[in-house]
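Visitor: Take this structure, written in structure tokens, and hold onto it; I'll ask about it next.
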Amino acid sequence: MGESFKTHPITGMAVDPIHVGTGGGRLGRVDQSIVRDPVTRVPKIPGSSLAGVYRAYAAMAQKKYPGCAGQGQPDKKGKGGHCGKPDCPICTVFGFARSPGGGFAGLAAFSDAQVLLFPVATREGPVWITSPGAMRLVGAEISEPGDKAVYRSADGQPLNLGWLLLPVKKYPNGQDPQSELKDVEIPPYIRQRLALMSDKLFSHIVNSNLEVRTSVSINPETGAAEEGALFTYEALPRSTVLLWEVISKNPAHFKVGDAAVSAVNDMNGVFEVVEVAHPYLECLGIGGMGTRGMGRLRVLSPKATPQQPTAPKPTGGA
Ligand SMILES: [Zn+2]
């Protein structure tokens, strides 16, 4: 029956600020905070959020399965919801909540999207920072430079963040992230402007450089601003580079009810269903604030395949 799963690493770059909220909870001066890793405190996009948007956009691309797009709850009359059929690419790949034969976990699984490279303003222009922990996401082992220096490709002027001046050292023993990232599609202007700092300093600087925006709640019925409805929210800034993994499971190892999965033939077929969502991530975004010019995420690798459909242009409505 062959292998049981295959891992597809994916990198993406924020085209807009990205806000994936915790669903409430004030953090300091921010009304709507974003999700953070509980250990490192570095913001991330939970795999469950990725799974939800991938499902919605994959269903949008397939067109034939509108009821299979969402959470699968039938309406009050018991109609709609996930079809749960073995020949439905959405229900077999993303799972379903109900059917005569019970639920199904889905053939694709999604890791959290974690920050690989994060942009900061310096006196010499933007620099993308990373850390040993972040580089471990791409399998690279790079030593800690300590909390009072950064590593760069060449010795040079200290890195001046305005409020913090960090001496620059050269990477030890050729551990340069630039070469470790050679198989990752990252724009050359980012690749050439990397700096690596300790995990502790990385978390601190990322958290100090998040976008904090103020917005106003609009009453959907009157179109007017609601009184006292000014709120602040934080977001990962534009040009943050994120990394996540899609795991495709072997359909031959699963049954839907008593039937074999017929919607996809193999693990590549599972990933093909997932991958059609990528152009939509760039047009329609993630995090539910697309109408505020937020959340668009450009997939950098793997490179989009030419047979993918063209995603629709974003519209003004929600
Ligand atoms: Zn379905």
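The values are calculated or read from the model by the stated rules, or taken from the named source; none is laboratory data. As the structure is a prediction and not an experimental result, all values here were calculated from the model. So basically every Cβ, Gly included, is an ideal-geometry build from the backbone, and we count neighbours across all protein chains shown. Surface areas here come from the heavy atoms of the whole protein model, side chains and all, with no ligands, DNA or RNA. Shrake-Rupley method; radii C 1.70, N 1.55, O 1.52, S 1.80 Å.
Visitor: Among the residues of the stretch 73-118, write down those that are open to solvent by less than 20 Å² (accessible area, probe 1.4 Å) and away from the ligand (no atom under 12 Å from the Cβ).
Guide: LEU107, ALA108, ALA113, VAL115, LEU116, LEU117, PHE118
Visitor: For residues that are open to solvent by less than 50 Å² (accessible area, probe 1.4 Å) and in contact (Cβ under 8 Å) with a residue 40 or more places away in the chain, tally how many sit in the stretch 165-206.
Guide: Final tally of qualifying residues: 16.
Here is a yes/no grid of residues against (1) open to solvent by 50 Å² or more (accessible area, probe 1.4 Å); (2) at pLDDT 85 or above; (3) on the phi > 0 side of the Ramachandran plot:
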site: GLU226; (1), (2), (3): yes, no, no
site: ALA235; (1), (2), (3): no, yes, no
site: THR240; (1), (2), (3): no, yes, no
site: ALA252; (1), (2), (3): yes, yes, no
site: ASP266; (1), (2), (3): yes, yes, no
site: VAL270; (1), (2), (3): no, yes, no
site: VAL273; (1), (2), (3): no, yes, no
site: ALA304; (1), (2), (3): yes, no, no
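Visitor: Has the stretch 19-30 got any residue that is within 11 Å of the ligand (Cβ to nearest atom), over 24 Å from the mean Cα position of the chain (by Cα) and open to solvent by 60 Å² or more (accessible area, probe 1.4 Å)?
Guide: Looking for residues that are within 11 Å of the ligand (Cβ to nearest atom), over 24 Å from the mean Cα position of the chain (by Cα) and open to solvent by 60 Å² or more (accessible area, probe 1.4 Å), one finds none in the stretch 19-30, hence no.
Visitor: Select from the stretch 50-72 the residues that are away from the ligand (no atom under 16 Å from the Cβ) and touching an Asp or Glu at 6+ places or on another chain (Cβ under 9 Å) and list them in ascending order.
Guide: Within the stretch 50-72, LEU50 is the sole residue that qualifies.
Visitor: Check the stretch 76-90 and report whether any residue there is assigned to a loop (DSSP other than H, G, I, E, B), closer than 30 Å to PRO167 by Cβ and among the acidic types (Asp, Glu).
Guide: Checked against the condition, which is being assigned to a loop (DSSP other than H, G, I, E, B), closer than 30 Å to PRO167 by Cβ and among the acidic types (Asp, Glu), the stretch 76-90 yields no hits at all.
Visitor: Follow-up question, since we're still on this one. Determine, yes or no, whether VAL93 is within 30 Å of ALA252 (Cβ to Cβ), in contact with a strand residue (DSSP E or B) (Cβ under 9 Å, 6 or more places away or on another chain) and aliphatic (A, V, I, L, M).
Guide: Against the criterion (within 30 Å of ALA252 (Cβ to Cβ), in contact with a strand residue (DSSP E or B) (Cβ under 9 Å, 6 or more places away or on another chain) and aliphatic (A, V, I, L, M)), VAL93 qualifies.
Visitor: Just checking, which of VAL30, VAL35 is farther than 20 Å from LEU117 by Cβ and at pLDDT below 95?
Guide: None of the other options fit; the residue is VAL30.
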